[in-house]
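Every number in this text was worked out from the coordinates using simple rules, so none of it is lab data. Quantities reported herein were computed from a predicted structural model and do not represent experimental measurements. Please note: Cβ atoms are built from the backbone with ideal geometry, for glycine as well, and neighbour counts cover all protein chains shown.
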Amino acid sequence: MKKFYLSCFLLAPIFMNAQTDIDGIMMSKNNFCVGAIYQYSSWDQYWEGSLKRENLNLGTVSTKSIGLMGNYGISDKLNAIFSVPYVETNASAGTMKGQKGIQDLSLTLKYMPLEKTVGQSTYSIYALGSFTTPLSDYPADYLPLSLGLRSRTASLRLMGDYQRGNFFTTFSGAYVKRANITIDRNAYLTDEIHYTNEVDMPDAISVNFRAGYRSNRLIAEFVIDNWVTQSGGFDIAKNNMPFPSNTMNALKYGVSSKYTFKKIPELSLVGGYNYVVEGRNVGKSDTFYGGLFYVINLKKTNKQDEK
């Protein structure tokens, strides 16, 4: 079976760019992988619609986060994954004050209904259902320095993985359904005036491709990720602030890795980098991250095992 005892890749909320739960590996039954990851992202250019520009009133916008993450093997084919990040934002210029606090809880069930080995090749299919909800009352209408969008989301992702020897490719696509949010004003302007505090949030599609080297001790991969907002979004007005229901498209390239220590096989080190190469109403960000994870075997020893 194409799974590793120390399978513990990371997940993160949308637009936090760390390694996600969408790898072609499952956590073994009764194993619990838990750890933390630090991430730093920054940009001094952004797309206002299709126009790439600077804003001297913001300078460099940066985001720091520390996320607590875990993955539990309910069975060899079903995993339960969670993530809770603490986020801090900052702008190097201007008068806008950065924010800090707990962002959103993310919960995911990851199921592998099919795995088949033919010769030296292994083919796998996965289905992932995810849900996110805000854990604090942070303001969403404070972009680009808000902690998040405060929208509850539900998503379904289908994924295929192919591995031959130690080399693999993984491709997946997801539809993300986003709930409406409320903001602290009674009217706002998109492409028309809205006399309400409720904001219609557009849905999104996420497509991810990764390929590289994968073994029990080392995983190194190249990643392409594309996030595309569906109908209902709109562009940032010229010289205006972003708004939660803006169209936010981002094409990212990156690399990520995981190393499992030989003398402490329960412990693994992860790290990576990615950057936005093309976007719409998002920052042209560079992101670095790293973290440590530890696997605990929660299987209870029965009397027969003790004899």
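Tabulated data
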quantity: Paramagnetic label zone (point 7 Å from Cα along Cα-to-C-beta, residue 299; backbone N under 19 Å) in the range 249-271; calculated: 265-267
quantity: Dipole moment magnitude, nearest 20 debye, the range 31-306 about Cα centre, only Lys, Arg, Asp, Glu C-beta charged; calculated: 960 debye
quantity: FRET E, pair residue 84, residue 241, Förster distance 25 Å, beta-carbon r, rounded to 0.05; calculated: 0.35
quantity: Gyration tensor verdict on the range 201-284 (Cα atoms; rounded if a/c is under 1.5, prolate if a/b is larger than b/c, oblate otherwise); calculated: prolate
quantity: Net charge, residue 88 excluded, C-beta distance under 11 Å - Lys, Arg +1, Asp, Glu -1; calculated: +2
quantity: Given charges at Cβ of Lys, Arg, Asp, Glu: the chain dipole, positive-most of 81, 202, 213; calculated: 213
quantity: Pairwise Cα inverse-distance average, inverted: Kirkwood Rh of the range 31-306 (Å); calculated: 20.6 Å
quantity: Links that overshoot a 31 Å alpha carbon limit, given the list 258/284; 258/299; 238/258; 100/258; 77/100; calculated: 238/258; 77/100
quantity: Euclidean distance between Cα centres, the range 109-159 to the range 196-244, Å; calculated: 12 Å
quantity: Integer Hz, Karplus 6.51/-1.76/1.60 couplings in order for the range 127-138, x for Gly and Pro; calculated: 10, 10, x, 10, 9, 10, 8, x, 9, 9, 8, 6
quantity: Spacing of the two label points (7 Å from each Cα toward its C-beta) at residue 189 and residue 76, in nm; calculated: 6.1 nm
quantity: Peptides ranked, highest mean first, by Cβ atoms within 10 Å: ranges 43-51, 282-290; calculated: 282-290, 43-51
quantity: Highest to lowest packing among 192-198, 268-274, scored as the average C-beta count within 10 Å; calculated: 268-274, 192-198
quantity: Spin-label model distance (nm) - residue 92 vs residue 203, 7 Å beyond Cα toward Cβ; calculated: 4.0 nm
quantity: Loop trypsin sites (Lys or Arg not before Pro), the range 225-273 (other Cβ atoms within 10 Å of the site Cβ: 15 or fewer; DSSP); calculated: 238, 262, 263
quantity: Distance in nm between pseudo-label sites at residue 40 and residue 152 (7 Å out along the Cβ direction from Cα); calculated: 3.7 nm
quantity: Qualifying trypsin sites (Lys or Arg not before Pro) in the range 87-146, DSSP loop, other Cβ atoms within 10 Å at most 15; calculated: 97
quantity: Backbone HN-Hα couplings from phi across the range 248-255 [Karplus 6.51/-1.76/1.60, Hz, Gly and Pro as x]; calculated: 10, 9, 8, 9, 10, 10, x, 10
quantity: Karplus 3J(HN,Hα) series, Hz, for the range 256-270 with 6.51 cos²θ - 1.76 cosθ + 1.60 (x for Gly, Pro); calculated: 8, 8, 9, 10, 9, 5, 5, 7, 10, x, 7, 9, 9, 10, 10
